[in-house]
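Please treat every number below as a calculation from the coordinates, not as lab data. The structure displayed is predicted, hence computed values, not measured ones. Don't worry about glycine lacking a Cβ; one is built from the backbone with ideal geometry, like all the others, and counts go over all protein chains shown.
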Amino acid sequence: MLIYSRYTWWIAAMLALAMFLGIAGQVGVLNPFQGLFLRATGPLESLTLGIFEPAADILSGAGDIDELQDSNDRLRIENEDLRNRVAELEQDTQRLQELEVALGVSQDESSERLAANVVTRDISPFVAVIRIDKGTNDGVRNGMVVLSAQGTLVGTVTKALDDLSFVRLVTDTQSRVNAKAVESNADGILKGTPGRGLTFDLAQGDLKVGDIIVTSGLGGNYPEGLVIGEVSDVSGNSQDLFRKVTVEPGVRGSTAQTVFVRTDFLPQRLELDE
Amino acid sequence: MKLIAGMLLVVMASVAQVTVAPLFPLRGAVVEFGLLTVVLLALTAGPRAAMLAVPFCALAVGFAGDRSPGLLILAYLPVLPLGVMLEEARVPFPRYMQLCGLVVLCGVWARSLLAGAAIVQGADFAFAPFVRELWAPGMVLDILAFTAMYLPIRMIGRGADTFTLRQGRYAI
């Protein structure tokens with residue numbers, strides 16, 4: 001009985017501590033300690049990554065040679081198709097610029113981007129969070145949008161500390177993005193699914209495989225028009241109120257090495273708070 | 001000295017959780033280094049060390065991956081009571097098999113709890129992918145990682161190897 005009574009007291013103490021830490025974490029009391037801890041363990045993290053990353057690359061490469069070959073063939077064809085589309089788009093852009101000059105209207109689409117290195121990842125079926133090496137000292141704020149080098153949406157800053165920030169990827173199960181299909185303009189909510197995928201919920205309209213999904217800008221949490229991914233599967237029939245739409249993310253945030261924080265965009269709710 | 005070594009192990013576990021674990025996933029599951037550290041500390045330094053390690057491990061892993069330390073305490077909590085229960089049940093299996101069973105049970109609990117928290121916060125839930133992507137590969141990873149860490153410790157004959165507080169030199 002002594003054992004159980006001893007463990008019972010310990011369990012009770014741990015439950016109380018868990019509750020306290022839960023509340024402290026919510027109100028941000030732990031943030032300075034977290035910042036100190038991460039600063040202290042930073043060199044150790046770099047060292048560990050330096051040792052294990054090459055081993056992981058060798059293992060994953062050896063196991064995926066056939067898959068890589070197939071993927072290479074598919075990408076070669078896709079690359080050719082994309083080159084043709086880029087050529088068409090360049091012509092369209094040139095024509096658009098000429099029309100803008102003729103009509104006297106133009107849009108400034110430049111955006112301020114801050115390059116950041118991905119330091120660590122916390123990836124599981126339900127969680128997809130990365131840590132980057134830029135924080136509030138560099139102008140990063142909670143809610144800022146994080147993009148890939150090509151401008152595809154990677155995620156959102158959920159916690160900005162002094163010298164680093166945590167970014168929740170769009171494939172995290174807690175992620176919700178108001179999005180729309182470019183071709184059909186069907187809008188809905190893009191959700192992360194367990195297993196690092198994406199589903200396009202509540203989407204009405206004629207969606208088909210290959211449609212590009214971009215942010216719709218509704219709700220003010222994301223700027224409009226950021227590419228998120230491509231429809232990879234549409235299941236259900238025309239009788240269904242909402243079809244099940246699966247989206248392939250345009251970028252695998254869980255493997256990205258460098259990302260860009262858009263420092264010129266803050267969600268509307270934060271602008272109101274400030 | 002023991003305390004410093006224990007703390008160092010906890011810090012290493014938290015670093016490994018965000019650097020090593022994501023590099024070697026099995027389907028959707030990754031090794032829970034925090035959980036394994038608590039088990040190994042209980043086996044090598046005794047249950048009292050593990051009792052101290054649980055909150056420190058939860059804090060360190062929580063800080064490194066921006067997870068909730070409170071939730072991680074709950075995830076690591078069953079290790080010691082479950083270890084005692086297994087010892088007292090006198091299951092007719094070798095010690096290594098018993099410990100693998102303990103690691104698997106605690107791993108299932110920890111992953112289910114963390115997944116449950118995500119589901120409460122809005123994640124979709126489907127039982128089949130949950131078992132296929134999380135539980136089953138998680139069990140395999142836990143056994144492999146535990147074996148890789150435990151066998152060398154046993155080979156050099158180090159450790160208290162009990163979860164019971166009254167036994168050995170850990171009795172008060």
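Quick one: net charge around A:LYS191, please, counting Lys, Arg +1 and Asp, Glu -1 for every other residue with C-beta under 13 Å from its C-beta.
For residues surrounding A:LYS191, the net value is +1.
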_Between 0 and 90 degrees, rounded to the nearest ten: what's the tilt of helix A:65-103 against the longest Cα principal axis of chain A?_
60 degrees
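What is the calculated FRET efficiency for A:VAL86 to A:ALA40, with r their C-beta to C-beta distance and R₀ = 45 Å, to the nearest 0.05?
0.45
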*Extending each Cα 7 Å along its Cβ direction at A:VAL101 and B:ILE143, get the distance between those two points in nm, one decimal.*
7.1 nm
_How high is the relative contact order of chain A? Use alpha-carbon pairs under 8 Å, at least six apart in sequence, and give a whole percent._
16 percent
*Pairwise label distance in nanometres, A:ASP66 with A:GLU112, each label 7 Å out on the Cα-Cβ vector*: 5.2 nm
_Using 5 Å bins from zero, what percent of all Cα-Cα pairs in the stretch A:157-265 falls into each bin?_
2, 12, 22, 24, 18, 11, 5, 3, 1, 0, 0
*Treat each spin label as a single point 7 Å out from the Cα along the C-beta direction, and report the A:PHE33 to A:ALA55 distance in nm.*
3.2 nm
*Would you list, by chain and number, the aspartates and glutamates whose Cα falls below 12 Å from the Cα of A:LYS180, excluding same-chain residues fewer than 8 positions away?*
A:ASP201, A:ASP206, A:ASP211, A:GLU224, A:GLU230
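Hey, could you get me the Stokes-Einstein D for the protein assembly as shown, Kirkwood radius over alpha-carbon pairs, 20 °C and 1.002 mPa s, rounded to whole µm² s⁻¹?
89 µm²/s
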*Per 5 Å bin, what percent of the C-alpha pairs of chain B does each bin hold, from zero upward?*
1, 9, 17, 22, 22, 15, 8, 4, 1, 0
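Extension gain A:ARG76-A:ILE23, at 0.36 nm per residue separation less the Cα-Cα distance, in nm?
Separation in residues times 0.36 nm, less the Cα-Cα distance, equals 13.9 nm.
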*asked:* Could you work out the relative contact order of the stretch A:50-144? I mean the mean sequence separation of Cα pairs under 8 Å and 6+ apart, divided by the number of residues, in percent.
replied: 12 percent
*Could you work out the helix-only [θ] at 222 nm for chain B, with each DSSP H run of four or more residues adding -39,500 (n - 2.57) and the total divided by the number of residues, to the nearest 500 deg cm²/dmol?*
-22500 deg cm²/dmol
